[in-house]
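In what follows, a structure is listed as structure tokens, so that the remarks can point back to it.
Bear in mind these aren't lab numbers, they're just calculated from the coordinates by the rules spelled out. Source: prediction; values computed, not measured. Counting neighbours? That spans all protein chains shown, and the Cβs are built from the backbone with ideal geometry, glycine included.
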Amino acid sequence: MGFFDFLTENIAIDLGTANTLIIHNDKVVVDSPSIVARDRTTKKIIAVGKEAAQMQGKTHENIKTIRPLKDGVIADFDASEQMIAMFIKEIPALKKKLFPPALRMVICIPSGITEVEMRAVKESAERVNGKEVYLIHEPMAAAIGIGVDIMQPKGNMIVDIGGGTTEIAVIALGGIVCDKSVKIAGDVFTNDIIYYMRTQHNLYVGERSAEKIKIQIGAATEDLEVPPEEMSVQGRDLLTGKPKQVQISFREIAKALDKSILRIEDAVMETLSQTPPELAADIYNTGIYLAGGGSMLRGLDKRLSQKTDLPVYIAEDPLRAVVRGTGICLKNLAKYKSVLIK
């Protein structure tokens, strides 16, 4: 390797359904929505990330916004590849280079992913100049990012609620002992809110508005200690066709999300029931760690805690836990060799 080492740049990527994050030189250099806007006539990508997200739901027929990842896996190969390429070009330190450097990458993938989907991620990375591409399972990366010592002979339970999937895993000795990946996560929550607003208020709201509701007053339970303020929501009245505004409270959102959260609870319970007894004993002491954007839903920790009778901890900066873990792997490739998938 020797000589090529200084021509090679190391980057860690968390390629998420909702957000893509990239770490370079221990800094998060890209943190953008995983969305691209494409010109229908020329097939050119006109915007990625935040810029494309602002166009979502507001486009005319010549522009199409695409979310290249669905349920944590690549759904639109071309768009995802161009998106990754554009994000990598945005990294400040790589802009200065005369020619694009070879990249050593660690990318995280959902644990329930198939061989074919795994190859798609790898090939995308290779086509944007990835010379050495390693993959890591998301719950693993989340555990490392939270600061759990995964190599210990101790059981730890991680619940990572992302945009497309919820990953639940019990980790010990640097491996996943039992895991479950359910396709109920942030996107489903957003759709639940859209559906609720339509059926209860005859109000048609777009995806971006629903997401805003979720972030501003979303809740997993109706008894919160610090309830958020009511929120006014604008959309289209389904009866008259006119734009209208309604006030909603967090209690309504808790009702709207109830069924989906139940399914996450069930998945957690099922994973616990498959855990070997020695590890179950460890988990009784260590509790459950939550990561991912979905873990920021108000009262979710409390609700899971009541369901499982275990302490539930939310990672600090849960949105970045996974990419932080991926970055730590990148720095200590030798130590985490066993965790990575070549």
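Under 18 Å Cα to Cα from K64, which lysines show up? Leave out anything in the same chain fewer than 8 places away.
K64 reaches K43, K44, K50.
I need the shape label for region 167-217. Rule: rounded when a/c is under 1.5, else prolate if a/b > b/c, else oblate, with a, b, c from the alpha carbon gyration tensor.
prolate
Name the residues of region 181-209 whose amide N is less than 11 Å from a point 7 angstrom out from the Cα of K242 along the C-beta direction?
No residue qualifies, since no backbone N sits under 11 Å from the label point.
Residue by residue through region 326-338, which ³J(HN,Hα) values in whole Hz follow from phi under the Karplus form 6.51 cos²θ - 1.76 cosθ + 1.60 (θ = phi - 60°), with glycine and proline marked x?
5, x, 5, 4, 4, 6, 10, 4, 5, 5, 9, 3, 5
So for the chain: antiparallel DSSP bridges make up what percent, rounded to the nearest 5?
Working: 42 of 64 bridges.
For the chain, the DSSP antiparallel bridge percentage is about 65.
So which lysines can K244 reach, going by Cα to Cα under 26 Å and dropping same-chain residues fewer than 8 places off?
Candidates past the 8-residue exclusion: K58, K212, K214, K255.
Under the rule a/c < 1.5 gives rounded, and otherwise a/b versus b/c splits prolate from oblate, where does region 186-256 land using the Cα gyration tensor? It would help to have the intermediate numbers written out before the result.
Values: a/c = 2.04, a/b = 1.64, b/c = 1.24.
Because a/c hits 1.5 or more and a/b exceeds b/c, region 186-256 counts as prolate.
Can you tell me the FRET efficiency between L333 and Y313 if r is taken as the Cβ-Cβ distance and R0 is 41 Å, rounded to the nearest 0.05? Could the numbers behind the result be given before it?
Details: r = 28 Å, r/R0 = 0.69.
Calculated transfer efficiency: 0.90.
Between the alpha-carbon centers of region 162-213 and region 21-37, tell me the distance in whole angstrom.
21 Å
What's log10 of I(q)/I(0) for region 291-342 at q = 0.18, 0.26, 0.29 Å⁻¹, Debye sum over Cα points only, no solvent?
-0.69, -0.91, -1.02
Among D26, D149, D39, determine the one that fluctuates most according to a GNM of the chain built with springs between C-alpha atoms less than 10 Å apart.
Of the options given, D39 has the highest mean-square fluctuation.
Which label belongs to the value computed from this structure, given these candidates for Rg and Dmax of the Cα atoms in Å: [x] 30.5, 124; [y] 20.8, 70; [z] 22.5, 86?
Among [x] 30.5, 124; [y] 20.8, 70; [z] 22.5, 86, the one calculated here is [y].
How do the peptides 62-70, 29-37 rank, highest first, by the average count of neighbouring beta carbon atoms within 10 Å per residue?
Output ranking for 62-70, 29-37: 29-37, 62-70.
Strictly over 18 Å apart at the Cα level, which of K122/K342; K27/K154; K89/K342 would you flag in this model?
Numbers: K122/K342 9 Å; K27/K154 30 Å; K89/K342 24 Å.
Going by Cα-Cα distance, K27/K154; K89/K342 fall outside the 18 Å limit.
By the gyration tensor of its Cα atoms, with a ≥ b ≥ c the square roots of the eigenvalues, what is the shape of region 1-88: rounded for a/c under 1.5, prolate for a/b over b/c, or oblate?
Here region 1-88 falls in the prolate category.
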